[in-house]
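Novice: I have a structure I would like to understand better, so I am pasting it below and will then ask my questions one at a time.
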Amino acid sequence: MKIVLLSTLAVVTLMASPLIDQAKEAGLLSIPENPTQLMKLIDNAKNPITKKKVELGKKLYFDPRLSKSGLISCNTCHNLAMGGDDGVPAATGHKWTANPHHLNSPTVYNAVFFSSQFWDGRDPDLEKQAQGPIQAHPEMAATKDHVANTVTSMPAYIKEFKKAYGKDVNVTFELITDTIATFERTLVTPAPYDEFLNGCPSAMTPEEQAGMKTFIDKGCATCHNGVALGGEMQAFEITAKFKNAHVGDFKGDANGLVKTPTLRNITQTAPYFHNGTIWGLKDAIIEMGRTQLGLEISDKEAASIEVFLGALEGKKPEVLTPELPSETANTPRPNLD
């Protein structure tokens, strides 16, 4: 039995080495194993990550009182108990309002690796991105003053900001959203795929490795590359019109480019595409082949790629639901209008 296991491991190792090289040549990168190297990728030099900032950012991320209604938090649309999104076709916020462009909520997991935030890539980092949904009327519908007044009305929050930033800190809307972003920067999910690329051939099954090769050979890595396997702005509908393009009115940025969604944890983030119109992962793979590559990806090939995508399902950081500070008489009241 021991000889058989060693022989199997040897075969997997021989198969894996050329595939690792092929993956790296295709631009696929792993999340570093070394904590110091990882920190270099996720940290913000202008506002370095600290444990106190992360813990405070987590509370703000979960606090629905930052919204106008007092009902919606960042976690509402980017649910950390699921895939970091909301699992519905169009993001739904204040007064049960669906996104007016029928845009789907992207996952917050691994968003730190994206070079572009939002589907139109209008913001470059999580700090700037965090400001948008809070103020957007179809989402949290709050104002900068509401957010700042809510947080500063609670002595416990002021105390934590002083611990995190110093006793002379000025708690502004921008500092609040920067702190939320600091927490979001830590939401990284290393997967078997990363172990494989980092030199552990047995981290991915032979079937997952075969799917990875199909993924690369078909050209999927042309857009889905880098550490995030996505997150860059790319042309959409290159070889054919997306079959569900009629749902919503989103056309991309000024140049018609659309942010490529990450494939990490893709098995947990249905429905797919910018307008959330395809629920099956295999169906999404086939449609991408048609619209982006001009290829007819067979059911067998799509199933193989889907197996590989399962190896991108990562280990999520443990996030315990925080106990939030108590309101005071000065805390703004919920407004459902």
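Values in this text are rule-based calculations from the coordinates and carry no lab data. What you see is a predicted model, and the numbers here were worked out from it, not measured in a lab. Every residue, glycine among them, receives a Cβ derived from its backbone with ideal geometry; neighbour counts consider all protein chains shown.
Novice: Within the stretch 77-101, restricting attention to residues that are among the small types (Gly, Ala, Ser) and assigned to a loop (DSSP other than H, G, I, E, B), which residue is surrounded by the fewest Cβ atoms within 10 Å (Cβ to Cβ)? Can you show your working first?
Specialist: First pass over the stretch 77-101, keeping only residues among the small types (Gly, Ala, Ser): 81, 83-84, 87, 90-91, 93, 98.
With assigned to a loop (DSSP other than H, G, I, E, B) added as a condition, the list becomes 81, 83-84, 87, 90-91.
Working: Ala81: 9, Gly83: 23, Gly84: 26, Gly87: 15, Ala90: 21, Ala91: 24.
Filtering first and then ranking leaves Ala81.
Novice: Where the second residue is among the acidic types (Asp, Glu) and surrounded by 15 or more Cβ atoms within 10 Å (Cβ to Cβ) and the first is more than 14 Å from Asp125 (Cβ to Cβ) and lies in the stretch 34-54, which pairs have Cβ atoms under 9 Å and are six or more apart or on separate chains?
Specialist: Close Cβ pairs (under 9 Å, with a partner that is among the acidic types (Asp, Glu) and surrounded by 15 or more Cβ atoms within 10 Å (Cβ to Cβ)) amount to Lys52/Glu160; Lys53/Asp178.
Novice: Does at least one position in the stretch 317-331 carry a residue that is polar (S, T, N, Q), within 22 Å of Phe114 (Cα to Cα), touching a residue at least 60 places away in the same chain (Cβ under 8 Å) and surrounded by 16 or more Cβ atoms within 10 Å (Cβ to Cβ)? Step through it out loud before you land on a result.
Specialist: Residues of the stretch 317-331 that are polar (S, T, N, Q), as a first pass: 321, 326, 328, 330-331.
Restricting the remaining residues to those that are within 22 Å of Phe114 (Cα to Cα) gives none.
No, the stretch 317-331 contains no residue that is polar (S, T, N, Q), within 22 Å of Phe114 (Cα to Cα), touching a residue at least 60 places away in the same chain (Cβ under 8 Å) and surrounded by 16 or more Cβ atoms within 10 Å (Cβ to Cβ).
Novice: Would you pick out the residues in the stretch 281-302 that are among the acidic types (Asp, Glu) and surrounded by fewer than 21 Cβ atoms within 10 Å (Cβ to Cβ)? Working first, answer last.
Specialist: In the first step, residues of the stretch 281-302 are kept if they are among the acidic types (Asp, Glu); the result is 283, 287, 296, 299, 301.
Once the filter is applied, which keeps residues that are among the acidic types (Asp, Glu) and surrounded by fewer than 21 Cβ atoms within 10 Å (Cβ to Cβ), the stretch 281-302 yields Asp283, Glu296, Asp299, Glu301.
Novice: Within the stretch 62-76, can you find the residues that are of a type outside the set (A, V, I, L, M) and either assigned to a loop (DSSP other than H, G, I, E, B) or surrounded by 23 or more Cβ atoms within 10 Å (Cβ to Cβ) (or both)? Please lay out each step first, then the result.
Specialist: We begin by selecting, within the stretch 62-76, every residue of a type outside the set (A, V, I, L, M); these are 62-65, 67-70, 73-76.
Of everything in the stretch 62-76, those that are of a type outside the set (A, V, I, L, M) and either assigned to a loop (DSSP other than H, G, I, E, B) or surrounded by 23 or more Cβ atoms within 10 Å (Cβ to Cβ) (or both) turn out to be Asp63, Arg65, Ser67, Lys68, Ser69, Gly70, Ser73, Cys74.
Novice: Kindly state which helices (runs of 4 or more DSSP H) lie completely within the stretch 102-204 and contain at least 3 residues that are over 18 Å from Lys315 (Cα atoms). Break it down stepwise before answering.
Specialist: Numbers: elements: 126-129, 131-135, 144-152, 155-165, 173-184, 192-197.
In the stretch 102-204, the matching helices (runs of 4 or more DSSP H) lie at 126-129, 131-135, 144-152, 155-165, 173-184.
Novice: Suppose we filter the stretch 282-337 for residues that are of a type outside the set (Asp, Glu) and within 23 Å of Glu195 (Cα to Cα); how many remain?
Specialist: Start the filter on the stretch 282-337 by keeping residues that are of a type outside the set (Asp, Glu), which leaves 282, 284-286, 288-295, 297-298, 300, 302-305, 307-312, 314-317, 319-322, 324-326, 328-336.
Adding the requirement that they be within 23 Å of Glu195 (Cα to Cα) leaves 303-305, 307-312, 314-317, 319.
Residues that pass the stated criteria total 14.
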